[in-house]
Amino acid sequence: QKVDSASVVPGLLSIFHEQELTETIHDTNGHGYLATFVGKNGRLVVLRVHSHGLVTVDLQCHEDDNIAQLDNLLNALEKKLKVLLNGNITRIKRLPALVRGAKVDRYWPTADGRLVEYDVDEVVYEEDSAYQNIKILHSRQYGNILVLDGDVNLAESDLAYTQAITGNGRENYAGKEVLILGGGDGGILAELVKQKPKMVTMVEIDQKVIDGCKMYMRRTCGNTLDTLRGDCYQILIEDCVPLLKKYVQEGRTFDYVINDLTAIPISTSPEEDSMWEFLRLILDLSVRVLHPKGKYFTQGNSVNLKEALSLYEEQLGKLSCPVDFQKEVVCVPSYLEQWVFYTAWKK
């Protein structure tokens, strides 16, 4: 219902005045009521009464402020509003506090733009490489989390991701030739070597990602990143594009190509977006080095990004080698969203 500021606001003012908050009323040009209240201790309250019925109270304070006193203030405001509006309140909700300026950033967006607060309490690794900012954060719930350029990549809890991008147990990698593009966290490599493949070649451009993960993502990579060469694997620190072009020229093929470089771009303008151009190039080169009976695995993006996923599926129909594909939706724990994975193979 509509709210009359003239009848609601005076009843609330006494509560603010009791807290010794100084009031400043702002002109809204007839669009409801807006006032700020400032306390001697730096406490700030913004009261907004919208004419269509929404009443918001935003309270900002220092971490050393009296929390019990703040709760009493909010409780008093809620109680008073219920009286002033004669109980005609559709919904009343108090949100948890946002912590700004903390030593450890706990807020990271989902792919579809929702804000997630993680229980992060420590930055265990941070480096700026020639390619990106690398952070590994510790979460009480998810273990250590790899974050690249502000994008949550993988947590130690996220075995579901690694399983999905390798076929969810449906593939037999024993004796096979496998190419991993990216995968610097070592999760895919660690899972594949358990199956005794003939050879896994992992191509990761950023040595500093490997350096961080072999120290702080041990639950994900095990000991596979401790050396760049093992009995059935090799890690190449280089750009995968020239290498893929070289493999194409040589006629080199793999039973499996696993692309763990990047998610499908959120942008829906593939003709203009350089990320889409990069994705198409990697996709086409990957299929060209795929054995005729081989399979290509990659992540997609959030299941909510339907337009971007549809555009990606269009790209699958425009490759130099025609392919069929299928997709699978998996819940990745630390992403807090359903994630799409693709499998493609030559027709």
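The values are calculated or read from the model by the stated rules, or taken from the named source; none is laboratory data. Source: prediction; values computed, not measured. FYI the Cβ positions are ideal-geometry reconstructions off the backbone, even for glycines, and counts take in every protein chain you see. Side chains included, ligands, DNA and RNA excluded: accessible areas come from the protein's heavy atoms. Shrake-Rupley method; radii C 1.70, N 1.55, O 1.52, S 1.80 Å.
Structure notes:
- Any hit, the range 215-228, residues being open to solvent by 10 Å² or more (accessible area, probe 1.4 Å), in the same structural domain as Val330 (by the TED database), assigned to a strand (DSSP E or B) and in contact (Cβ under 8 Å) with a residue 60 or more places away in the chain: no
- Considering (1) within 18 Å of the chain's Cα centre (by Cα); (2) within 20 Å of Gly187 (Cβ to Cβ); (3) of a type in the set (D, E, K, R); (4) open to solvent by 30 Å² or more (accessible area, probe 1.4 Å), the lone condition that Asp158 does not fulfil carries the number (4).
- Any hit, the range 91-98, residues being in contact with a Phe, Trp or Tyr (Cβ under 9 Å, 6 or more places away or on another chain), farther than 25 Å from Gly183 by Cβ, at pLDDT 90 or above and not assigned by the TED database to the domain that holds Asp185: yes
- Tallying residues that are more than 13 Å from Gln207 (Cα to Cα), open to solvent by less than 80 Å² (accessible area, probe 1.4 Å) and outside any loop (DSSP other than H, G, I, E, B) within the range 235-253 yields 7.
- Against the test of being part of a helix (DSSP H, G or I) and open to solvent by 40 Å² or more (accessible area, probe 1.4 Å), the options Ser310, Ser334 yield a single qualifying residue, Ser310.
- Qualifying residues in the range 39-65 (those that are open to solvent by less than 80 Å² (accessible area, probe 1.4 Å) and assigned to a loop (DSSP other than H, G, I, E, B)) - the one nearest to Phe16 (Cα to Cα): Gly39
- Residue that is nearest to Pro10 (Cα to Cα) [pool: residues in the range 78-93 that are exposed (fewer than 12 other Cβ atoms within 10 Å of the Cβ) and within 38 Å of the chain's Cα centre (by Cα)]: Ile92
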